[in-house]
Amino acid sequence: MNPTLWRHLAGLLLLGMLLVHAPSAHAQNVTCTANMTNLTFGAVDPQSSQTDASATLTYQCRNTSNQAYIARVCFNIGDGAQGAGQTNPRQMLDGSNNILTFQLYQNAARSLVWGSSGFGVFRTPYNLVVTVPRRSTETGTTTMYGRVTNGQSSATPGSYQDDFHGIHTNISHSEARNSTPNDCTDYTEGQFGFNVTASVVNKCTVSATDVSFGAQPASATNIRATGAVTVNCANGTTYNVGLRPSSANGGTNNGTGNMAGAAPGNTDKVPYRLYQDAGYSMPWGNTIGSNALGPKLGTGNAQNYPVRVEVQSANYTPDNYQDTVTVNVTY
């Protein structure tokens with residue numbers, strides 16, 4: 001063999017061995033693990049939507065070396081399995097893919113979003129600096145604060161969740177012997193999965209405006225006046241509205257009642273009737289499926305219904321007359 005060629009081949013072989021045994025980055029000395037409790041909002045009122053809850057992160061950082069290390073550790077949270085990439089705000093889904101929005105925070109004031117250094121709008125993971133003595137483990141806890149955001153009056157009743165197990169969380173850290181690392185990008189290790197859940201409840205509220213006939217002469221007939229009932233039911237909620245004049249004055253479930261006088265000794269009662277329509281042809285009573293209003297479908301917003309009242313005659317003892325009508329919303 002040509003000696004020159006042999007020397008050349010030997011040089012190539014030596015170069016290959018040097019590449020294989022080139023020095024690697026320093027070995028990992030600190031390992032961090034963590035777990036998070038579930039964030040449970042419980043019942044959420046769709047007419048206010050804002051509901052707060054909290055969860056607890058517990059972490060452990062172990063140093064396997066014979067020297068103390070300083071580690072900057074980041075706990076990253078993404079969008080969750082139902083989040084569809086949304087982090088501003090995050091979202092939960094029910095079984096029909098209806099959305100309920102929420103957010104996760106690092107502070108009780110709920111001003112610093114708990115995000116991820118590598119995903120989403122908020123690149124703000126929870127990060128801490130921990131000094132771990134030689135062959136020791138440092139542990140600790142921190143609170144995660146959650147809020148179902150307000151302004152969701154149209155939220156549909158049901159059970160909602162966002163699942164943060166698997167790839168939706170991770171822990172990363174950097175470590176150094178004598179200085180605090182500026183970031184936490186050297187090592188990625190493990191997850192701390194948890195669930196976020198909420199239940200939007202069926203709810204209706206009701207209010208009413210009074211009906212006033214004003215002053216009427218005794219000769220007046222077929223006197224009419226209008227008030228209103230306002231109902232606010234959760235989106236998708238079916239409801240009925242019944243009106244029940246006071247039984248103390250002889251009122252009935254068919255929408256007829258009597259106004260009693262206020263003056264001592266006046267036993268007169270002025271009859272009246274409640275109606276659903278402007279033509280005063282559909283009595284408004286308290287029997288579902290017969291004379292109650294409905295069924296109606298809630299939208300999450302206030303729905304107004306005029307209450308029309310007719311008095312056939314004012315030929316009674318001069319006095320101030322009144323009666324109380326109870327509004328019954330059934331859903």
Given (1) surrounded by 14 or more Cβ atoms within 10 Å (Cβ to Cβ); (2) over 19 Å from TYR321 (Cβ atoms), where does ILE223 come up short, assuming only one miss? (2)
Can you pull out every residue in the range 246-260 that is assigned to a strand (DSSP E or B) and touching a residue at least 60 places away in the same chain (Cβ under 8 Å)? GLY257, ASN258, MET259, ALA260
Unmet requirement for TYR305, which otherwise passes all of (1) under 29 Å from ASN150 (Cβ atoms); (2) open to solvent by 70 Å² or more (accessible area, probe 1.4 Å): (2)
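From the residues in the range 237-264 that are touching a Ser or Thr at 6+ places or on another chain (Cβ under 6 Å) and either open to solvent by 50 Å² or more (accessible area, probe 1.4 Å) or of a type in the set (D, E, K, R) (or both), which one is nearest to ASP94 (Cα to Cα)?
Of everything passing the filter in the range 237-264, ARG244 is nearest to ASP94 (Cα to Cα).
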Looking at ARG134, is it among the basic types (Lys, Arg), touching a residue at least 40 places away in the same chain (Cβ under 8 Å) and either open to solvent by less than 20 Å² (accessible area, probe 1.4 Å) or within 30 Å of SER48 (Cα to Cα) (or both)? no
Among the residues of the range 288-301, count how many are touching a strand residue (DSSP E or B) at 6+ places or on another chain (Cβ under 7 Å) and open to solvent by 60 Å² or more (accessible area, probe 1.4 Å). 5
Take GLY146 and decide whether it is open to solvent by less than 40 Å² (accessible area, probe 1.4 Å), within 20 Å of the chain's Cα centre (by Cα) and closer than 30 Å to ASP45 by Cβ. yes
Any idea which residue in the range 226-236 is least open to solvent (accessible area, probe 1.4 Å), counting only those that are of a type in the set (S, T, N, Q) and within 29 Å of TYR321 (Cβ to Cβ)? THR230
By residue number, the members of the range 166-179 that are in contact with a Gly (Cβ under 7 Å, 6 or more places away or on another chain) and exposed (fewer than 14 other Cβ atoms within 10 Å of the Cβ) are GLY166
Quick check: anything in the range 149-159 of a type outside the set (Asp, Glu), modelled with pLDDT of 95 or more, in a strand (DSSP E or B) and open to solvent by 30 Å² or more (accessible area, probe 1.4 Å)? yes
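State whether the residues of the range 107-118 include one that is under 27 Å from TYR187 (Cα atoms), in a strand (DSSP E or B), in contact with a Phe, Trp or Tyr (Cβ under 6 Å, 6 or more places away or on another chain) and open to solvent by less than 20 Å² (accessible area, probe 1.4 Å). It would help to see each step written out before you state the result.
Filtering the range 107-118 down to residues under 27 Å from TYR187 (Cα atoms) leaves 107, 112-118.
If we keep only those that are in a strand (DSSP E or B) as well, we get 113, 116.
Subsequent filtering for residues that are in contact with a Phe, Trp or Tyr (Cβ under 6 Å, 6 or more places away or on another chain) retains 113.
From what's left, open to solvent by less than 20 Å² (accessible area, probe 1.4 Å): 113.
The answer is yes, given that some residue of the range 107-118 is under 27 Å from TYR187 (Cα atoms), in a strand (DSSP E or B), in contact with a Phe, Trp or Tyr (Cβ under 6 Å, 6 or more places away or on another chain) and open to solvent by less than 20 Å² (accessible area, probe 1.4 Å).
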Given the structure, is ARG62 part of a strand (DSSP E or B), out of contact with any Pro (no Cβ under 6 Å at 6 or more places or on another chain), farther than 16 Å from THR143 by Cα and open to solvent by 50 Å² or more (accessible area, probe 1.4 Å)? yes
For the range 71-98: of the residues being in contact (Cβ under 8 Å) with a residue 40 or more places away in the chain and open to solvent by 30 Å² or more (accessible area, probe 1.4 Å), which is farthest from the chain's Cα centre (by Cα)? ARG72
Against the condition assigned to a strand (DSSP E or B), open to solvent by less than 40 Å² (accessible area, probe 1.4 Å), within 22 Å of SER54 (Cα to Cα) and hydroxyl-bearing (Ser, Thr, Tyr), how does THR141 come out, does it pass? no
Looking at GLN67, GLN47 in this structure, which one is open to solvent by 50 Å² or more (accessible area, probe 1.4 Å), of a type outside the set (Val, Ile, Thr), modelled with pLDDT under 95 and not in a strand (DSSP E or B)? GLN47
Checked ASN286, ASN258, ASN266, ASN222 against criteria (farther than 30 Å from SER199 by Cβ and either of a type in the set (Asp, Glu) or touching a helix residue (DSSP H, G or I) at 6+ places or on another chain (Cβ under 7 Å) (or both)); the one match is ASN258
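The values are calculated or read from the model by the stated rules, or taken from the named source; none is laboratory data. Remember, it's a predicted structure, so these values are computed and weren't measured experimentally. Note that each Cβ is placed from the backbone with ideal geometry, even for glycine, and that neighbours are counted across all protein chains shown. Each accessible area value is taken on the protein alone, full model and side chains, heavy atoms only, with ligands, DNA and RNA left out. Shrake-Rupley method; radii C 1.70, N 1.55, O 1.52, S 1.80 Å.
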